[in-house]
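What follows is a single structure, written as C-alpha cells, with notes after it.
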Amino acid sequence: MNGAWVFVCGPSGAGKDSVMAAARALLADRADIVFARRMVTRPPHAGSDHDPVSGGEFQTLLGSGSLCWHWWAHGFVYGIDSRYAQDVLSGCLVVVNGSRAHVSNLPVSPQLRVVQISASPQQLAQRMTQRARDSADAVTRRLARNADFADIAADCHIVNDTTLAVAARQLADYMTTLAVTP
Ligand SMILES: Nc1ncnc2c1ncn2[C@@H]1O[C@H](COP(=O)(O)OP(=O)(O)O)[C@@H](O)[C@H]1O
Ligand SMILES: O=P(O)(O)OC[C@H]1O[C@H](OP(=O)(O)OP(=O)(O)O)[C@H](O)[C@@H]1O
C-alpha cells in the first residue's frame, strides 16, 4: 500500500470530528490507518477534539518546521504535526480534519484524497447550536461560509444525515478500500 493523506472536509456541524472518532474506533486494529490530531489556536472545548496552542506557540512550531500542513480559517490557525508526514512516507493513510479552502488550493496528487461530509442546512444549524462551542454570530458566519464551497471536488462523499454509526461505517469502509488500492 502507498501512503496518502485523507482530508476530511465539510461544513461546520456536518459531523467531521464525530464521524472520524467513531471510524477511528472501528479501525482501532489498523496500525496503517492513522487519525491525525489538529493543533488549533483556540481554547479547549468539550465540543472540539483538538490540541490547543497559543498564537506564539504556533509561530514557533511553524518557524521550526514542525508542521507539515497549516491553514487559517474562522479567525484561528490550524496545524498538523510533521511527524504524520513520516507516517505517510511509511505507507500509512493519515486522516486529517481539514479545511475546504485549504484543500481546494492543493495540487491533485495520488497521495491526497478528499472525503466530504455533509448534512442539511437545518442539521448543521441545529448541531452547531447543540454543540455550544461557537457564539450565535459565529454560527451564522459559519453557515454563510458554506456558500463558498458548494462544489468541492471529493473522492468520497458521506451524507451524515442519519445515525453517526452509518456515517462512521462509510468512512471506515472507504479507508479500508483505499488501503488495498495500489
Ligand atoms: N449523525 C449524527 N446525528 C446526530 N448528531 C450528530 C451526528 N453527527 C454529529 N452529531 C453532533 O453534531 C455536533 C457537531 O458534530 P461535529 O463532529 O463537532 O461536527 P464538525 O466537526 O463537522 O463541526 C456534535 O454535537 C455531534 O455530537
Ligand atoms: O475552511 P473550512 O472548510 O470552513 O474549515 C476551516 C476549519 O474549520 C474546521 O474546524 P473547526 O474545528 O474550527 O470547526 P468545525 O469542527 O465546526 O468544522 C475545519 O476542520 C477546518 O479546520
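Derivation of every value follows stated rules applied to the coordinates shown; laboratory data play no part. Keep in mind that this is a model prediction, so the values were computed, not measured. Cβ coordinates were reconstructed from backbone atoms using ideal geometry, including for glycine residues, and neighbour counts include every protein chain displayed.
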Task: Relative contact order computed over the chain (Cα-Cα under 8 Å; 6+ residues apart), in percent - done: 36
Task: Rough spin-label spacing in nm, given labels placed 7 Å along Cα→Cβ, for residue 111 and residue 30 - done: 2.0
Task: Cα gyration tensor category, rounded, prolate or oblate, for segment 1-43 with a/c compared to 1.5 - done: prolate
- [ ] Report the one residue of 50, 10, 129 whose Cα lies farthest in the direction of the positive end of the charge dipole of the chain (charges on C-beta: Lys and Arg +1, Asp and Glu -1; origin at the Cα centre).
- [x] 129
TODO: Between 160, 105, 97, find the one with the highest GNM mean-square fluctuation for the chain; connect C-alpha pairs within less than 10 Å.
DONE: 105
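Work out the length of the dipole vector of the chain about its Cα centre, built from +1 on the beta-carbon of each Lys and Arg and -1 on the beta-carbon of each Asp and Glu, and round it to the nearest 20 debye. Each step should come with its number before you reach the end.
On the way: 16 positive and 15 negative charges, 54 e Å.
So the dipole magnitude of the chain works out to roughly 260 debye.
What FRET efficiency, computed as 1/(1 + (r/R0)^6) with R0 = 22 Å and r the Cβ-Cβ distance, is obtained for residue 145 and residue 165, rounded to the nearest 0.05?
Values: r = 28 Å, r/R0 = 1.28.
The computed FRET efficiency comes out at 0.20.
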Open item on the list: Along its three principal axes, how long is the chain when you only count alpha carbons? Whole Å, largest extent first please.
Closed with: 44, 41, 29
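Calculated FRET efficiency, residue 59 and residue 180, Cβ-Cβ r, R0 45 Å, to nearest 0.05?
Details: r = 41 Å, r/R0 = 0.90.
Rounded to the nearest 0.05, the efficiency is 0.65.
With each run of n ≥ 4 DSSP H residues scored as -39500 (n - 2.57), what mean residue ellipticity at 222 nm is computed for the chain after dividing by its residue count and rounding to the nearest 500 deg cm²/dmol?
Working: 7 runs with 70 residues, N = 182.
Roughly -11500 deg cm²/dmol at 222 nm, from the helical runs in the chain.
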